[in-house]
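To start, the structure itself, in structure tokens.
The values are calculated or read from the model by the stated rules, or taken from the named source; none is laboratory data. Since the model is a prediction, treat every value here as computed from it, not as a measurement. Because the Cβ atoms are built from the backbone with ideal geometry, glycine has one as well, and the counts that use them run over all protein chains shown.
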Amino acid sequence: MNRQNNISQGVDFGVIWLYAILVTIGILCIFMIEYRLDTNWFQTFLSAKTNYSKQLIFAALCMVIATTILLTDSKLFTAFANLSYIFGILLMLSTFIFGKSISGSKSWIPIAGGFNLQPVEICKVFTALALAKFLSQQETDITKLRSQIIGGFISLLPAFISVIQHEAGMALVYFSFFLVMYREGFPPTLMIIAFSFVVLIISTLLIEPNTLAIILSALAIIFMLSIRKVLKRTSAPLFLIVGIWFLCVGIQRFAVPFIFNNVLECYQSARVYSAFGKDYDCSQNVRSAKKTEKSPKKPDDYNVRQSKIAIGSGGFWGRGFLKGTQTRGKYVPAQHTDFIFASLGEAFGFVGSIIFLIIYLTLLMRIITIAERQRSTFSRVYAYCVASIFFFHIAFNICMTLGLFPSPGVTLPLISYGGSSLVSFTILLFILLRLDADRQMVLR
């Protein structure tokens, strides 16, 4: 029996089962938050008026999409990879003309039936295909500067548009593609530089400016003393060290304050500061000052605090299904989208949360296993793109919910409410399954 007559041939059903389990958990979490005991649960599921009934509709739509993808020829994904990326960019740009603002972000396109499409979610799929297409070309050498620039441009163009749309959280997810390029030979030196830059920004938030400048100066002096024999032979390293010192001090004294006070909104800056136990003075924020004649009110970390209270109230075993007080009492804002992990933590406690994370970890490990068994570079790169996107979403969302990371508004894959998110992750996974089913083919 050939593939056209047998959709299941070569398909990894382990991933499909994990996918189905996570989608079911997501619907149940939304149900726990919204269901009221004085209503008929069966009728409310069929009403299409509640978020959990809408999520069920999205899941049914995803079943159709998944089946269609599994019936598709794998060669189409390589043939239309670049065109789909261009389409995704144009779709994101169209939000500036036809877009609808939701929670201050003009990144949504209204469609029929009161539903909205978020192109930045769907564009993750197109970016993964385009990057896989580029890295699989014979002339691409990711160790060369030209290929690094092109790969970085493919990855970060949607992120740049997302920032303009005030979707900074989703923009961060596109940096996951650098992990894929690193796997394919991206120089580790550049990754170390990027990590050092992040450490410098965090240090700027935690340490008083003059103290940090003294620390940077002391580190530069210590390093120069450690290579003083080299400096006697040539002065080139001295100029390099002094240049790096000037760059670091310039970043911590001027660049970082400028970004927080002039580029980011007041609430965005406050979220970052609160994640590190600091208070941000919104009176310094130029963008917020322009919106009001009065001194803007300093936002707090209410969302995160309520989320931590909900998770903590779950204890070791949890309060039980439909017995949560914090989430069912709607104390946690955005609890069916960004903070949905709080409802799971409250209902099923530490044990349930660990089991839930093990399911995610199993899915990630399975995707990596699939990636490593591919003969085609295109399929391998795409598989690692899927793994990286899932990892970034899971890490950002859960760390945000626990107050370990600023709340950037990143959804929990296959769990958070939202058609755009569920559809995008469904497409990501099932394209991977289709490519894996044809892993004996070499795609370019």
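In the stretch 220-237, the residues that are within 18 Å of Cys248 (Cβ to Cβ) reach residues that are modelled with pLDDT of 80 or more and part of a loop (DSSP other than H, G, I, E, B) with C-beta atoms within less than 9 angstrom, at least six apart or across chains, in these pairs: Pro237/Ile227. Residues in the stretch 275-334 that are at positive phi, surrounded by fewer than 19 Cβ atoms within 10 Å (Cβ to Cβ) and modelled with pLDDT of 80 or more: Gly315, Gly320. Using the structure shown, decide if Ser47 is touching a helix residue (DSSP H, G or I) at 6+ places or on another chain (Cβ under 9 Å) and crowded, with 18+ Cβ neighbours inside 10 Å. So Ser47 does not fit the description; no. Please specify each residue of the stretch 363-386 satisfying the condition of being of a type outside the set (Ser, Thr, Tyr), out of contact with any Asp or Glu (no Cβ under 9 Å at 6 or more places or on another chain) and either crowded, with 23+ Cβ neighbours inside 10 Å or touching a residue at least 60 places away in the same chain (Cβ under 8 Å) (or both). If the condition is that a residue be of a type outside the set (Ser, Thr, Tyr), out of contact with any Asp or Glu (no Cβ under 9 Å at 6 or more places or on another chain) and either crowded, with 23+ Cβ neighbours inside 10 Å or touching a residue at least 60 places away in the same chain (Cβ under 8 Å) (or both), then Leu363, Ile367, Arg375, Phe378, Cys385, Val386 are the ones that fit. The number of residues in the stretch 1-27 being modelled with pLDDT of 80 or more and either farther than 28 Å from Leu357 by Cα or not in a loop (DSSP other than H, G, I, E, B) (or both) comes to 15. Looking at the stretch 54-94, which of its residues are more than 19 Å from Tyr382 (Cβ to Cβ) and small (Gly, Ala, Ser)? Correct list: Ala59, Ala60, Ser94. Is the stretch 421-432 home to any residue that is more than 18 Å from Cys123 (Cα to Cα), in a helix (DSSP H, G or I) and modelled with pLDDT of 85 or more? No, because not a single residue in the stretch 421-432 is more than 18 Å from Cys123 (Cα to Cα), in a helix (DSSP H, G or I) and modelled with pLDDT of 85 or more.
For Glu167, the criteria (1) within 30 Å of Phe134 (Cβ to Cβ); (2) among the charged types (D, E, K, R); (3) free of Cβ contacts under 8 Å to residues at least 24 places away in the same chain hold in every case but one, which is (3). If I filter the stretch 176-187 for residues that are among the hydrophobic types (A, V, I, L, M, F, W, C), within 19 Å of Met400 (Cβ to Cβ) and within 13 Å of the chain's Cα centre (by Cα), do I get at least one hit? Taking every residue of the stretch 176-187 in turn, none turns out to be among the hydrophobic types (A, V, I, L, M, F, W, C), within 19 Å of Met400 (Cβ to Cβ) and within 13 Å of the chain's Cα centre (by Cα).
The C-beta contact set for the stretch 263-280 (first residue farther than 12 Å from Gly169 by Cβ and among the small types (Gly, Ala, Ser), second residue surrounded by fewer than 17 Cβ atoms within 10 Å (Cβ to Cβ) and at pLDDT below 70, distance under 9 angstrom, 6+ apart or interchain) comprises Ala270/Lys298; Ala270/Asp300; Ser274/Asp300. Within the stretch 128-140, if we keep just the residues that are in contact (Cβ under 8 Å) with a residue 60 or more places away in the chain and assigned to a helix (DSSP H, G or I), the residue that is surrounded by the most Cβ atoms within 10 Å (Cβ to Cβ) turns out to be Ala128.
Please specify each residue of the stretch 25-46 satisfying the condition of being within 33 Å of the chain's Cα centre (by Cα) and among the hydroxyl-bearing types (Ser, Thr, Tyr). Across the stretch 25-46, the qualifying residues are Tyr35, Thr44. You will find that of Phe45, Phe77, the residue that is among the hydrophobic types (A, V, I, L, M, F, W, C), modelled with pLDDT under 90 and in a helix (DSSP H, G or I) is Phe45 and no other. Annotation note: of Ile69, Ile89, Ile111, Ile122, the sole residue that is more than 20 Å from the chain's Cα centre (by Cα) and touching a residue at least 24 places away in the same chain (Cβ under 8 Å) is Ile69. Within the stretch 184-211, residues that are assigned to a helix (DSSP H, G or I) sit with their Cβ atoms under 8 Å from residues that are among the hydroxyl-bearing types (Ser, Thr, Tyr) and surrounded by 14 or more Cβ atoms within 10 Å (Cβ to Cβ), at 6+ positions apart or across chains, in these pairs: Pro188/Tyr182; Met191/Tyr182; Leu205/Tyr273. Among the residues making up the stretch 308-353, those that are closer than 23 Å to Ile389 by Cβ and outside any loop (DSSP other than H, G, I, E, B) are Ile340, Phe341, Ala342, Leu344, Ser353. Among the residues of the stretch 147-164, just one is touching a residue at least 60 places away in the same chain (Cβ under 8 Å) and hydroxyl-bearing (Ser, Thr, Tyr), namely Ser162.
For residues in the stretch 397-413 being surrounded by fewer than 24 Cβ atoms within 10 Å (Cβ to Cβ) and not in a loop (DSSP other than H, G, I, E, B), which is modelled with the lowest pLDDT? Of everything passing the filter in the stretch 397-413, Cys399 is modelled with the lowest pLDDT. The set of residues in the stretch 29-42 that are without any contact (Cβ under 8 Å) to a residue 60 or more places away in the chain, assigned to a helix (DSSP H, G or I) and either of a type outside the set (Phe, Trp, Tyr) or under 21 Å from Pro333 (Cβ atoms) (or both) contains only Phe31. Inside the stretch 80-122, residues that are surrounded by 12 or more Cβ atoms within 10 Å (Cβ to Cβ), at pLDDT below 90 and among the aromatic types (Phe, Trp, Tyr) make up a count of 3.
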